[in-house]
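Below: the structure, in structure tokens.
The values are calculated or read from the model by the stated rules, or taken from the named source; none is laboratory data. Since the model is a prediction, treat every value here as computed from it, not as a measurement. Methodologically, a virtual Cβ is constructed for each residue, glycine included, from the backbone with ideal geometry; neighbour enumeration extends over all protein chains shown.
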Amino acid sequence: MKKFISTPVIRRLPRYCRFLADLQKNGVTRISSRELSQKMGLTASQIRQDLNCFGGFGQQGYGYNVAGLRDEITGILGIGRQYKLVIIGAGNLGHALAAHMPFEQLGFSLVGIFDKKASVAGQLVRGLPVRPMETLDEFCNIARPDAAALCIPTRAAPEICAQLSRLGVKAVWNFTHYDVGMNHPELVCERVHLNDSLMTLCYMMNNPE
């Protein structure tokens, strides 16, 4: 039976990757949980508990091999799989994601960009043409993308999610306010609510203690 890993632990894994990458760039080859905790603002106990969820990778009296631990965590995250991703919506957000996100470093390969506006069809973004939405079925039947980024108005999301599910897409990176999981539990969904994040920042500024 597969071991249950809590969501907070999973959400800390990319942060470990980021800090370990910085340590590698600075020539650090090994680090203790105490030293890592001081850099990350976590407790040493929390770090050991997190990593022990996956078997633990340190040695008593030695600590963690930085490169080895980073490799282990990227393997746990599945970054080497290079899942195929399409972006639905080539407006400001979709265009920015397509142009600037380092998808290949994060486990994904961008294979297609789609938009319903005829005025943007054919425009090249990151070397890929923006395709008309009416070609999505044909494209997915050939390219078989694993995931889709939703950069569309919320009102358009229900129909698009139903279409993506029918086409065999397995996961959604959701920038809309549509509750994908409620209506499509078969789709793995990661929600990105920029408004919520900014309001949280507002609360923290209003309550600095």
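General remarks:
- Looking across Met182, Met204, one residue alone is free of Cβ contacts under 8 Å to residues at least 12 places away in the same chain, farther than 22 Å from Phe103 by Cβ and not assigned by TED's automatic domain parsing to the domain that holds Leu106. It is Met204.
- Residues satisfying the stated conditions in segment 165-199, i.e. of a type in the set (Lys, Arg) and outside any loop (DSSP other than H, G, I, E, B): Arg166, Arg191
- Subset of segment 1-39 [of a type in the set (Val, Ile, Thr) and either part of a loop (DSSP other than H, G, I, E, B) or under 19 Å from the mean Cα position of the chain (by Cα) (or both)]: Ile5, Thr7, Val9, Ile10, Val28, Thr29
- Inside segment 25-67, residues that are within 18 Å of Arg11 (Cα to Cα) and among the basic types (Lys, Arg) make up a count of 2.
- Residues satisfying the stated conditions in segment 55-79, i.e. exposed (fewer than 13 other Cβ atoms within 10 Å of the Cβ) and either under 13 Å from the mean Cα position of the chain (by Cα) or of a type in the set (Val, Ile, Thr) (or both): Gly78
- In segment 86-102, residue farthest from the chain's Cα centre (by Cα) [restricted to those that are assigned to a helix (DSSP H, G or I) and crowded, with 19+ Cβ neighbours inside 10 Å]: His95
- Residues satisfying the stated conditions in segment 113-153, i.e. surrounded by 15 or more Cβ atoms within 10 Å (Cβ to Cβ) and in a helix (DSSP H, G or I): Met133, Leu136, Phe139, Cys140
- Residues (outside any helix (DSSP H, G or I) and in contact with an Asp or Glu (Cβ under 9 Å, 6 or more places away or on another chain)) located in segment 66-85: Gln82, Tyr83, Lys84, Leu85
- Scanning segment 105-142 for residues that are over 18 Å from Val172 (Cβ atoms), under 16 Å from the mean Cα position of the chain (by Cα) and at pLDDT 95 or above turns up nothing.
- Some residue of segment 154-168 being surrounded by 14 or more Cβ atoms within 10 Å (Cβ to Cβ), under 18 Å from Ala96 (Cα atoms) and either assigned by TED's automatic domain parsing to the domain that holds Arg11 or of a type in the set (S, T, N, Q) (or both): no
Here's the yes/no breakdown for (1) exposed (fewer than 13 other Cβ atoms within 10 Å of the Cβ); (2) not polar (S, T, N, Q):
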residue: Ser6; (1), (2): yes, no
residue: Val9; (1), (2): no, yes
residue: Asp22; (1), (2): yes, yes
residue: Lys25; (1), (2): yes, yes
residue: Met40; (1), (2): no, yes
residue: Ile47; (1), (2): no, yes
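Quick grid of which residues meet (1) touching a Leu at 6+ places or on another chain (Cβ under 8 Å); (2) without any contact (Cβ under 8 Å) to a residue 24 or more places away in the chain; (3) of a type in the set (Asp, Glu):
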{"site": "Val9", "(1), (2), (3)": "no, no, no"}
{"site": "Asp22", "(1), (2), (3)": "no, yes, yes"}
{"site": "Gly27", "(1), (2), (3)": "no, yes, no"}
{"site": "Ile31", "(1), (2), (3)": "yes, no, no"}
{"site": "Arg34", "(1), (2), (3)": "no, yes, no"}
{"site": "Ser45", "(1), (2), (3)": "no, yes, no"}
{"site": "Val66", "(1), (2), (3)": "yes, no, no"}
